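Trainee: Would you mind keeping the following structure in view while I ask a few things?
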Amino acid sequence: MLIDIEKILQEFSKVIEGSNNSTQMLENKNKWFKINVTPLNSNIRNIPNDQKAEYGKQLKTLNDSVNKMYEAKVKEIEEIIEQKVHQVNYDITLHSTQIQNGSLSPITLIYYKLVEYFEKMNFDIWFSDEVTQIKYGFDNLNVPLTHPTRQTSETFYIKDKNGIMMRQQNTEGTARALENASLKFKKNPAELRVVTCGKTYRNDDDDATHSHQFHQLDFVWAKKGGLSVKNLKWIINGFIHTVFGDEINSRFRLSNFGFTEPSFEVDVQCPFCNGHGCARCKKSGWIEMGGAGILHKNVIKLSGLNENEFGGIAFGLGVERISMIKYGIEDIRELYQGDSRFMRQFANEGGKK
């Protein structure tokens, strides 16, 4: 025979016999397969043409035999576990005497703080659709057709680039709120105060500081006659102090966003080093929190309002980022794993009921 199937299967039998659970056995099988069988698959290119058909049949026999032995062992383990379960003499429907209370997620705790703050400021709280139209996700936000964020490398599209998309930012809610209010404003000029909360999606690789799904909070405040940068700084500093305390400073750096002009990056003083510089803030003394600015005239116009009469301010922030700054969390993935040991440390943080 070209392949000594019997000898190889004997070796595999020894590997799985030492496994006492299916997870461990699968790991052992994969390691063994990579060392002992994968090279045989690769070796087919070196087999003479007149022997390749027979070699392929033997490879198939080997693979089938390995899988059958593995499945039989898995079934054996499952039967042993089931027998042990039936041998236990207690009622699994009884209440446990060792129940531990859970706690709110850091994301929820920050949401509660921010929503409570904005409710006191007479803002309406919106939870809009996570699946949206490009009209609201990009077009009405004055995002150029050539902007990189429109590419599939950054945005999840449901149909095509001219159709439906997963909401990439909650500023999408700003576009909807302005459009929704345009008729009302024409009949009865008033103020619009809306906060949009919810999940957003970006085509990112997950790591310690990035996630393909995360939460954002955006606010828009618009009125006839417009608002100033002074208004913007006043309301942003208000919720910064609500979350981090009155001793935390902030700064506004000029930036460039399609939907605001002028635009600002908002930073908070690093709470871990009090602005002296550390690894968390990359020695700068500041941590970026979100983007803000005066609503661009095109955004006002595209909503159906008169851009010469109405104006407003807007701001957007990542809730996970605030949670990580507030509670000293180093890896964003810890917020999604549901580990009760991690969550339990926030049990005394309280929160709105």
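Trainee: Mind listing which trypsin sites (Lys or Arg not before Pro) in the range 257-339 are in a DSSP loop and have 14 or fewer other Cβ atoms within 10 Å?
Mentor: 282, 283
Trainee: Right, next: About its Cα centre, what dipole magnitude does the chain give when the only charges are +1 on Lys and Arg Cβ and -1 on Asp and Glu Cβ, stated in debye to the nearest 20?
Mentor: The calculated dipole for the chain is roughly 1040 debye.
Trainee: State the extension gain, in nm to one decimal, for the chain segment bounded by residue 179 and residue 297, taking 0.36 nm per residue of separation less the distance between their alpha-carbons.
Mentor: So the chain would gain 41.1 nm between residue 179 and residue 297.
Trainee: Write out the trypsin sites (Lys or Arg not before Pro) in the range 79-172 meeting two conditions: DSSP loop, and at most 13 other Cβ atoms within 10 Å of their Cβ.
Mentor: Answer by residue number: 159, 161.
Trainee: Just the accessible area per residue of the range 156-314, please: how many Å² with a 1.4 Å probe?
Mentor: On a per-residue basis, the range 156-314 sits at 47 Å².
Trainee: To continue, here is another question. If a paramagnetic tag sat 7 Å from the Cα of residue 64 along the Cα-Cβ line, which residues of the range 24-41 would have the backbone N under 14 Å from that point?
Mentor: none
Trainee: Return one number: the angle in degrees, 0 to 90 and rounded to the nearest 10, between the long axis of the Cα atoms of helix 229-244 and the longest principal axis of the Cα atoms of the chain.
Mentor: Taking the Cα atoms of the chain, the angle to 229-244 is about 50 degrees.
Trainee: Mind checking the range 82-139 for chymotrypsin sites (Phe, Trp or Tyr not before Pro) that DSSP puts in a loop (not H, G, I, E or B) and that have at most 14 other Cβ atoms within 10 Å?
Mentor: Passing sites in the range 82-139 are 90, 127.
Trainee: Of the lysine pairs in the range 208-300, how many meet both conditions: Cα atoms under 26 Å apart, and a spacing of 8 or more in sequence or different chains?
Mentor: Count of close lysine pairs: 8.
Trainee: Something else: Report, in listed order, any pair from 113/326; 14/34; 14/75; 31/84; 29/57; 120/301 with a Cα-Cα distance greater than 19 Å.
Mentor: In this structure, 31/84; 29/57; 120/301 exceed 19 Å between Cα atoms.
Trainee: Another question, then. When the Cα centres of the range 32-104 and the range 259-280 are compared, how far apart do they sit, in Å?
Mentor: 51
Trainee: Just check the range 96-197 against the gyration tensor rule for me: Cα atoms, a ≥ b ≥ c as the square roots of the eigenvalues, rounded for a/c under 1.5, and otherwise prolate or oblate depending on whether a/b exceeds b/c.
Mentor: Oblate, since a/c reaches 1.5 and b/c is not below a/b.
Trainee: Additional query: With the full set of protein chains in place, find how many percent of the accessible area of the chain is carbon and sulfur; take the probe as 1.4 Å.
Mentor: Of all accessible area on the chain, carbon and sulfur atoms account for 48 percent.
Trainee: Determine the gain in length on full extension of the stretch residue 273-residue 10; use 0.36 nm per residue of separation and subtract their C-alpha separation, reporting nm with one decimal.
Mentor: Computed gain between residue 273 and residue 10 is 88.6 nm.
Trainee: Enter the Cα centre distance for the pair the range 228-244 and the range 112-156, rounded to the nearest angstrom.
Mentor: After rounding, the separation between the Cα centres reads 20 Å.
Trainee: If you take every residue apart from residue 5 with its C-beta less than 14 Å away from the C-beta of residue 5, what net charge results, scoring Lys and Arg +1 and Asp and Glu -1?
Mentor: Here the charged neighbours net out to -1.
Trainee: Hey, what did the chain get for relative contact order, percent, Cα under 8 Å, at least 6 apart?
Mentor: 17
Trainee: Ok, one more. What aspartates and glutamates sit close enough to residue 135 to cross-link, taking a C-alpha to C-alpha distance under 15 Å and skipping anything fewer than 8 places away on the same chain?
Mentor: Hits, sequence-local ones excluded: 160, 172, 179.
Trainee: Please list, in order along the range 201-214, the HN-Hα scalar couplings obtained from phi with the Karplus expression 6.51 cos²θ - 1.76 cosθ + 1.60 (θ = phi - 60°), rounded to whole Hz, x for Gly and Pro.
Mentor: With the stated coefficients, the range 201-214 comes to 9, 9, 7, 10, 7, 6, 8, 5, 10, 10, 8, 6, 10, 8 Hz.
Trainee: Considering the values (1) 20.4; (2) 28.2; (3) 25.7, which represents mean projected area of the Cα convex hull in nm² as calculated for the structure under consideration?
Mentor: Structure-derived value, by its label: (2).
Trainee: Counting heavy atoms of the protein chains only and a 1.4 Å probe, report the per residue accessible area for the range 27-137 as a whole number of Å².
Mentor: 72
The values are calculated or read from the model by the stated rules, or taken from the named source; none is laboratory data. Not measured: the values here are computed from a predicted model. Backbone-built Cβ (ideal geometry, glycine too); neighbour counts: all protein chains shown. For the accessible areas, the whole protein counts, side chains as well, though only heavy atoms, and no ligand, DNA or RNA atoms are used. Shrake-Rupley method; radii C 1.70, N 1.55, O 1.52, S 1.80 Å.
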